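Notes for the one structure printed next.
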Amino acid sequence: MSVLKEYRTRDLYLSAYLKASGVPFMGTLKVSGNVLFIFENRDDLRSLKDSFFNRSGKVSALDYADELRALKSLCHA
């Protein structure tokens, strides 16, 4: 069984959280009008996703807002 080296998501808000949490951002990919955000697939990715969806994640509000703005600009570029 091979382990994927990257994690892809269309979720803008999760992506901003992952970036603010320090997960290396690898870029974007546009597919059928949708933007996929690509991150390095790390060992702690699952727990970061769980903490985001369980509302228990801890990141700086300003960092999150900055990352959200930056990702939105990539969507409209």
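The values are calculated or read from the model by the stated rules, or taken from the named source; none is laboratory data. All values reported here derive from a predicted model rather than from experimental measurement. Heads up, the Cβs are rebuilt from the backbone with ideal geometry, glycines too, and the neighbour counts pull from every protein chain shown. Ligands, DNA and RNA are stripped out before the accessible areas are found, and what is left, the full protein with its side chains, is counted by its heavy atoms. Shrake-Rupley method; radii C 1.70, N 1.55, O 1.52, S 1.80 Å.
A 1.4 Å probe run over the chain, with the rest of the protein chains in place, finds 69 Å² accessible per residue.
Projected onto their three principal axes, the Cα atoms of the chain cover extents of 39, 31, 18 Å, largest first. What are the aspartates and glutamates whose alpha-carbon lies under 20 Å from the alpha-carbon of Lys72, with same-chain residues fewer than 8 places away excluded? Candidates past the 8-residue exclusion: Asp11, Glu40, Asp63.
Report, in deg cm²/dmol and to the nearest 500, the calculated mean residue ellipticity at 222 nm for the chain, where each DSSP H run with n ≥ 4 adds -39500 (n - 2.57) and the sum is divided by the residue count. It would help to have the intermediate numbers written out before the result.
Values: 3 runs with 33 residues, N = 77.
For the chain, the value works out to -13000 deg cm²/dmol.
Expressed as a whole percent, the accessible area of the chain that falls on carbon and sulfur atoms is 52 (1.4 Å probe).
The listed peptides 5-12, 36-43, ordered by packing as a protection proxy, come out as 36-43, 5-12 (highest mean of other Cβ atoms within 10 Å first).
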